[in-house]
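Asker: Here it is: the structure, laid out below.
The values are calculated or read from the model by the stated rules, or taken from the named source; none is laboratory data. Being a predicted model, the structure only gives us computed values, none of them experimental. Cβ: placed from backbone, ideal geometry, glycine included. Neighbour counts: every protein chain shown. To get the accessible areas, we keep the full protein, side chains included, count just its heavy atoms, and leave off ligands, DNA and RNA. Shrake-Rupley method; radii C 1.70, N 1.55, O 1.52, S 1.80 Å.
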Amino acid sequence: MKVMIVVTHLLGTGHLSRALTLGRAFAHDGHQVLLVSGGMPAPQLDSAGMTVFGLPPLRSDGTDFTRLLTQTGDVADDAYVQARKRALVEAVRSFAPDILITELYPFGRRSLTGEFSAAVEAAQELPAKPVILGSVRDILAPPSKPAKAERTEQIVLGIYDGILVHSDRKAVSLDLSWPVSEQLEKRLFYTGFVAPNAPDPHPDAMGRGEVLVSAGGGSVGQPIFRAAIEAARKTSSRRWRLLVGGQDASERIDHLSQYVGDAPVTLERVRPDFRQMLPHAAASVSMCGYNTALDILQTGTAAVFVPFDDGKEVEQTLRGRSLSNLPAIDVLPSQDLNGDTLATAVGRVIDAPTRPAAEFGFNGAAKSVDIAKTLWERRT
């Protein structure tokens, strides 16, 4: 099969990371994969086995997802947006996929409705119409108005063959965050969680005994890093390693370094071997995005989650609450975040009973491949 995945990450890199994991699973099963990315470049992520085509990139203006910026920080004008749409439509027509997967849309990315709908329409006009699927994580941003949920359902029922829900229904069902009607329920396919294979421990034991602090690939984690530096100063017997991501990582590291002083802190850019470091770490401090939460569950690492909750974001808070009853996991709301509270929370999870690494329920990428193949075979 020819599989096309369309994804645009606007803030961090979580959406792109999950889409790449899905793409690698299709490639591993012997399929030709084209991933179209509309967000900022993220060369540190693994795109092995597939072709990645980048649209003129966009990012959000902080947490304002209605104000979209170019890579240079200019507001994306109509000409820029139209160029993206034309490139995406041409990619659909030239690749002619058997399977078209839109990541998050139509449950999100409403500011990009024009280009996503154009891509879907182009797919429907192909000589051989592809199976059209949506791909969503376990928890969505709840619709602010009933009309938005109603419009999403109309699109799904009118166009989509199914929605891949990357969750375990018994753990987190979609109706926790989104209204699911009887009609919509019939289009949902629960895949289990989409995650890479559990990491092997780092061969050089990097991170052993450290507190690993990460905040995804965006710039919204700066308050976490500042609090971590202060917390490290209060727990001087343990080293804290801060892994800074994003296009402006170097500048942010320079800014943070002025606060380090004699605190036991290592500042560096995000590392490709980060997941291998987690099994050795004393604890992890991070936000509570989908991919990060799965990393913590797969490795059994003690963790403090500081859910991203700027603006009206509730997704990470809901996920954090669902995990907070597990041993060695603590949730620290962002409004309570400071050096003292973070040091206390880290000490608490380190001293808590250990939590075994979860071994099951992470084959969502392979399950997604099976579902897509079944739907395609029914059509052919």
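Asker: Please name all residue pairs, on different chains or six or more residues apart, with Cβ atoms under 6 Å, provided the first residue is in region 347-370 and is more than 30 Å from Ala231 (Cα to Cα) and the second residue is in a loop (DSSP other than H, G, I, E, B) and open to solvent by 40 Å² or more (accessible area, probe 1.4 Å).
Answerer: Gly361/Asp168; Val369/Asp29
Asker: Taking the criterion of being farther than 25 Å from Leu326 by Cα and either surrounded by fewer than 24 Cβ atoms within 10 Å (Cβ to Cβ) or more than 21 Å from the chain's Cα centre (by Cα) (or both), would at least one residue in region 272-284 satisfy it?
Answerer: The answer is yes; a qualifying residue exists.
Asker: Among the candidates Thr70, Thr51, which residue alone is modelled with pLDDT of 95 or more and either more than 22 Å from Ile155 (Cα to Cα) or more than 18 Å from the chain's Cα centre (by Cα) (or both)?
Answerer: Thr51
Asker: Out of Pro307, Pro327, which single residue is surrounded by 20 or more Cβ atoms within 10 Å (Cβ to Cβ), in contact (Cβ under 8 Å) with a residue 12 or more places away in the chain and outside any helix (DSSP H, G or I)?
Answerer: Pro307
Asker: Here's something else I'd like to know. Evaluate the following for Val52: is it open to solvent by 30 Å² or more (accessible area, probe 1.4 Å) and in a strand (DSSP E or B)?
Answerer: yes
Asker: Then there is this: I need a count of the residues in region 32-44 that are open to solvent by 30 Å² or more (accessible area, probe 1.4 Å) and closer than 25 Å to Val89 by Cβ.
Answerer: 2
Asker: Looking at region 332-350, which of the residues that are more than 19 Å from Arg233 (Cα to Cα) and assigned to a helix (DSSP H, G or I) is most open to solvent (accessible area, probe 1.4 Å)?
Answerer: Ranking the candidates gives Gln335 first.
Asker: Can you tell me how many residues within region 333-345 are farther than 14 Å from Phe225 by Cα and touching a strand residue (DSSP E or B) at 6+ places or on another chain (Cβ under 8 Å)?
Answerer: Number of matching residues: 1.
Asker: Search region 153-174 for residues that are closer than 11 Å to Leu133 by Cα and touching a residue at least 60 places away in the same chain (Cβ under 8 Å) and pair each with any residue that is of a type outside the set (Phe, Trp, Tyr) and open to solvent by 50 Å² or more (accessible area, probe 1.4 Å) when their beta-carbon atoms are under 8 Å apart and the residues are at least 6 apart or on different chains.
Answerer: Correct list of pairs: Asp161/Arg187; Gly162/Arg187.
Asker: Within region 284-338, how many residues turn out to be more than 15 Å from Arg348 (Cβ to Cβ), among the polar types (S, T, N, Q) and in contact with a Phe, Trp or Tyr (Cβ under 9 Å, 6 or more places away or on another chain)?
Answerer: 6
Asker: If a residue has to be closer than 26 Å to Arg379 by Cβ, out of contact with any Leu (no Cβ under 8 Å at 6 or more places or on another chain) and open to solvent by 40 Å² or more (accessible area, probe 1.4 Å) to count, how many in region 152-176 make the cut?
Answerer: The total comes to 4.
Asker: Continuing with the same structure: Within region 18-33, restricting attention to residues that are part of a helix (DSSP H, G or I) and either touching a His at 6+ places or on another chain (Cβ under 8 Å) or among the aliphatic types (A, V, I, L, M) (or both), which residue is farthest from Arg109 (Cα to Cα)?
Answerer: Ranking the candidates gives Ala27 first.
Asker: Further question on the same structure: I need a count of the residues in region 239-250 that are closer than 16 Å to Ile350 by Cα and either open to solvent by 80 Å² or more (accessible area, probe 1.4 Å) or free of Cβ contacts under 8 Å to residues at least 12 places away in the same chain (or both).
Answerer: Here the count works out to 1.
Asker: Which of (1) buried (at least 24 other Cβ atoms within 10 Å of the Cβ); (2) at pLDDT 95 or above is the odd one out, the single condition Ser17 does not satisfy?
Answerer: (2)
Asker: Check every one of the strands (runs of 3 or more DSSP E) wholly within region 64-151 and list those with 3 or more residues that are open to solvent by 40 Å² or more (accessible area, probe 1.4 Å).
Answerer: Filter on region 64-151 gives 64-69.
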